[in-house]
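Reading through the structure tokens given below for one structure.
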Amino acid sequence: MADPEGKAAEAVEEVEDVEEVEEEEGGDAVNNSPPGLVGLLKSPQVLAAVQERLDYLQGAPSGYIQSLPKSVKRRIKALKKLQFEAAKIEAEFYKEVHDLECKYASLYTPLFDKRKEVVTAAKEPTDEECDWPSDDEKEEKDDVKLADDVKNKVKIDDAEKAEGKTDNEGADVKGIPGFWLTVFKNVEMLSEMIQDHDEPILNCLQDVKVKFSEVESTMGFVLEFYFETNDFFTNTVLTKHYTMKSEPDETDPFSFEGPEIVKCEGCQIDWKKGKNVTVKTIKKKQKHKGRGTTRTVTKTVQNDSFFNFFSPPTVPEGEEEDMDEDLEALLAADFEIGHFIRDRIVPRAVLYFTGEALENDDDFDEEGEEEDGEEGEYDEDADPDYNPQADSQKPEECKQQ
């Protein structure tokens, strides 16, 4: 990660917008504000609620195990040793799953390459490749079943004419504009990272790929972001490396629940002059305590941007070195985003572009809420306003599609 103090003069030239901040006496007016997640975790109410929940899940020790005879405790040790052996087998299982991911990645690659060609207008899909029913066509087929043959014929002809006009009107549009920007903005955890000044850059994003590590005894993956030539940086590919491990921790073997990311590494972005959106300069006024005079100084600070994703915090080396809570929260959020891009966004990009993947998630959540409501008890006799006849005549509400 670049040193702001070492490159202050250069960064001042690179950033056009300058903010003015008045520094209070005896304090530093310039602080890098922690991300929302870190700020949330600093809330005493949130910490208390989380701790209360953890205490509930973990449960208080009953003292039963401590009261058991030594012979029984000895057998429990045997079970724990068996559990450790099971954890090692589970670790081997996940390593083989990773090998399968590497194998099948080569089968996905041709499909994703074709996707890129369509998105970037490198190739126009054939009629056969476009032979897939749209939502409008599906609804039309449902209407066809309820109408007579003549009305159906008119409806189909009108739809085809309308579709033909639409196609002609958009003849100058190449590929699928703003494909990846739309995908990212449709996903809440990514949309929160995207600032207004990021959008013109992300409009230049052509493809996102996942490369799995095929080195023996090494698990991990690389996210590759491919950009067309643009006015912001000279890189054609930005990368994010994630290192994973799938083996029980010797100090806490029973906490193993599968592969976990233990390290991530970004890349250097070669910004063009004046185009670096990850930094900004601010002017602050400093007041001399003795003379009472003031002066204005310029300082470079980090700016909110999606592209900070490629400059992740460094994981402390050594198992004995503990991470502070803020760093741990930042890394946890970064790992979650990396996993989500790998497992969901890249394989199902078109469904996040159209929003269908999000609709499926919403439907699942709504069903869960309805089930929760059904579990509650309701005494009809105890409600004086309850009218079963009026309730049965109530029109069924329609969901917005």
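Every read-out reported here was derived from the displayed coordinates using simple, explicitly stated rules and does not represent laboratory data. These numbers were taken from a predicted model, which means no experiment stands behind them. All Cβ positions, even for glycine, are placed from backbone atoms using ideal geometry, and neighbour counts span all protein chains on display.
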Search the structure for amide H atoms under 5 Å from the amide H of Q206, placed 1.01 Å from N in the peptide plane, and list their residues when 5 or more places away or on another chain. Y226, F227, E228
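With a ≥ b ≥ c the root eigenvalues of the C-alpha gyration tensor of the range 168-303, is it rounded (a/c under 1.5), prolate (a/b larger than b/c) or oblate? Walk me through the numbers on the way to the answer.
On the way: a/c = 2.54, a/b = 1.20, b/c = 2.12.
Here the range 168-303 falls in the oblate category.
Would you mind putting 280-287, 188-195 in packing order, based on average other-beta-carbon counts within 10 Å, highest first?
Listed from highest to lowest mean packing, they are 280-287, 188-195.
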Efficiency of FRET between R74 and E260 - r from beta-carbon atoms, R0 22 angstrom, step 0.05: 0.10
Packing-wise, with mean Cβ within 10 Å as the measure, how do 110-116, 309-315 rank, highest first? 309-315, 110-116
Full-stretch length increase - C102, D270 - with 0.36 nm per residue and alpha-carbon distance subtracted: 57.4 nm
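For the pairs K273/K299; K211/K245; K211/K275, flag any whose C-alpha to C-alpha distance is greater than 20 Å. Please report the intermediate quantities before stating the final value.
On the way: K273/K299 18 Å; K211/K245 16 Å; K211/K275 29 Å.
Going by Cα-Cα distance, K211/K275 fall outside the 20 Å limit.
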Around P347, with a cut-off of 12 angstrom between Cβ atoms, what is the net charge of the other residues, counting Lys and Arg +1 and Asp and Glu -1? +3
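May I ask you to order 122-129, 345-352, 96-103 by the average number of other C-beta atoms within 10 Å around their residues, highest value first? Walk me through the numbers on the way to the answer.
Working: 122-129: 9.8, 345-352: 17.8, 96-103: 13.6.
Per-residue Cβ counts within 10 Å, averaged per peptide and sorted highest first, yield 345-352, 96-103, 122-129.
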